[in-house]
Amino acid sequence: MAEEKKPAVDLKSVPGSVDMMNYPTEAGYEEYMFDWEEFKIMARSTFKTQFGGEPPSREQFKVIKKQGFMPGHDTPEDLVKTMDETGFEYVCLSDVKMWSYYFHHQLIMDYGIEAINDMVKRGKGRIIGAASYNPFRIDDSLRDIEKAVKEYGFKFVYMHPITFGLSFSDAKLYPVYAKCSELGIPISFQVGHSAEPLPSWVGHPMEVDKVAIDFPNLKINMSHTGYPWVDEWCSMIFRHPNVYGDISAYNPRNLTPDIVSFFNGSRGRDKVMFGSNGYGLGLTKGQFLDLAIKDTTKVNVLGKNARTFLGLK
């Protein structure tokens with residue numbers, strides 16, 4: 001595990017924080033993404049600053065992580081220790097499934113519920129599991145979701161439909177909305193563009209409008225701010241009582257002023273949630289606490305809203 005630079009703010013000034021969006025790599029899952037063309041291109045474009053404009057080798061990737069970019073932890077136990085040090089009560093680990101839309105036509109990210117369940121058990125109640133969904137394997141996915149929730153205690157579903165080239169209102173996604181409603185759990189998914197060369201046009205937040213109306217009792221989280229359609233992301237959150245959003249995938253200091261203004265105001269303060277996206281619990285929380293926002297906003301976004309969304313006590 002890489003050592004994060006200690007932020008100037010007191011990370012425990014807002015205890016009980018919840019990380020709504022993270023990956024199994026945060027708790028020891030070893031993954032090297034750059035065998036896939038999508039991630040090679042991402043290293044040359046979206047993340048060229050972090051990777052020097054070229055996909056890193058396996059050894060180079062280890063060095064980059066040690067230097068602090070998506071550093072992760074060696075074990076779930078190490079993660080819990082960092083959570084104690086940074087004032088996090090819960091971290092959500094998601095079984096993200098991503099599809100190669102153009103190059104490979106197969107899953108390029110697929111952790112599996114068994115790996116996450118092992119981390120949940122070792123987390124002693126501090127790690128929350130999220131199942132995922134493959135719209136090209138609907139029956140198999142629904143069985144996994146039911147098992148994850150009923151047997152393993154997972155709290156929600158996180159999916160990545162835009163990587164499959166599907167909008168949020170596509171018929172292939174309605175079975176998972178119905179299953180989540182049946183199980184009484186919320187659903188979360190990425191909105192906006194993708195960091196990888198994957199379809200972005202299907203990620204427009206306004207497509208959530210149809211889903212929120214068809215499933216008024218299903219709590220929905222639009223992850224990753226909806227950028228570049230930020231106004232539409234905000235619109236869906238304050239318009240629909242069952243729609244939330246999270247600010248993961250961006251370091252808080254890089255959030256646009258309109259996003260910060262939205263969740264610091266009455267329209268978004270009760271509906272926006274925090275997520276580190278694996279960028280470092282201390283780093284991201286420190287940057288968030290350093291924003292010029294109200295104390296009430298800090299408490300709500302860092303934990304209170306996620307508890308409401310997930311149905312936690």
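One residue stands out among those in segment 50-71 that are surrounded by fewer than 14 Cβ atoms within 10 Å (Cβ to Cβ) and polar (S, T, N, Q): the one that is nearest to the chain's Cα centre (by Cα), which is GLN67.
Restricting attention to segment 16-37, the residues that are modelled with pLDDT of 95 or more, surrounded by fewer than 19 Cβ atoms within 10 Å (Cβ to Cβ) and under 19 Å from ILE127 (Cα atoms) total 3.
Would you check which residues across segment 276-313 are polar (S, T, N, Q) and either farther than 29 Å from GLN67 by Cβ or surrounded by fewer than 19 Cβ atoms within 10 Å (Cβ to Cβ) (or both) and list them?
Filtering segment 276-313 down to residues polar (S, T, N, Q) leaves 276-277, 284, 287, 296-297, 300, 305, 308.
Scanning segment 276-313 gives THR296, THR297, ASN300, ASN305, THR308.
Among the residues making up segment 118-129, those that are buried (at least 20 other Cβ atoms within 10 Å of the Cβ) and either modelled with pLDDT under 95 or not in a loop (DSSP other than H, G, I, E, B) (or both) are MET119, VAL120, ILE127, ILE128, GLY129.
Looking at segment 4-15, is at least one residue modelled with pLDDT of 95 or more and part of a helix (DSSP H, G or I)? No: segment 4-15 contains no residue that is modelled with pLDDT of 95 or more and part of a helix (DSSP H, G or I).
Taken together, ILE220, ILE145, ILE138, ILE187 contain a single residue that is buried (at least 18 other Cβ atoms within 10 Å of the Cβ), more than 23 Å from ASP270 (Cα to Cα) and of a type outside the set (Lys, Arg), which is ILE145. A single entry from ASN277, ASN300, ASN305, ASN254 fulfils the requirement of being free of Cβ contacts under 8 Å to residues at least 12 places away in the same chain and under 18 Å from the mean Cα position of the chain (by Cα): ASN254.
In this structure, does LYS40 turn out to be in contact with a Pro (Cβ under 9 Å, 6 or more places away or on another chain), at pLDDT 95 or above and over 25 Å from PHE156 (Cβ atoms)? So LYS40 passes the test.
Here the strands (runs of 3 or more DSSP E) wholly within segment 72-112 that include at least 3 residues being crowded, with 18+ Cβ neighbours inside 10 Å and at pLDDT 95 or above are 88-94, 97-99. Does segment 110-133 hold any residues that are touching a Ser or Thr at 6+ places or on another chain (Cβ under 6 Å) and among the hydrophobic types (A, V, I, L, M, F, W, C), and which are they? Scanning segment 110-133 gives a single hit, ALA130.
If we keep just the residues of segment 32-44 that are in contact (Cβ under 8 Å) with a residue 12 or more places away in the chain and part of a loop (DSSP other than H, G, I, E, B), which is nearest to SER200 (Cα to Cα)? Give the steps one after another, and end with the answer.
We begin by selecting, within segment 32-44, every residue in contact (Cβ under 8 Å) with a residue 12 or more places away in the chain; these are 32-34, 36-43.
Cutting the leftovers down to part of a loop (DSSP other than H, G, I, E, B) gives us 32-34, 36.
Details: TYR32: 24, MET33: 20, PHE34: 21, TRP36: 19 Å.
Ranking the candidates gives TRP36 first.
The values are calculated or read from the model by the stated rules, or taken from the named source; none is laboratory data. Source: prediction; values computed, not measured. Quick reminder, even Gly has a Cβ in these numbers, built from the backbone with ideal geometry, and neighbours come from all protein chains shown.
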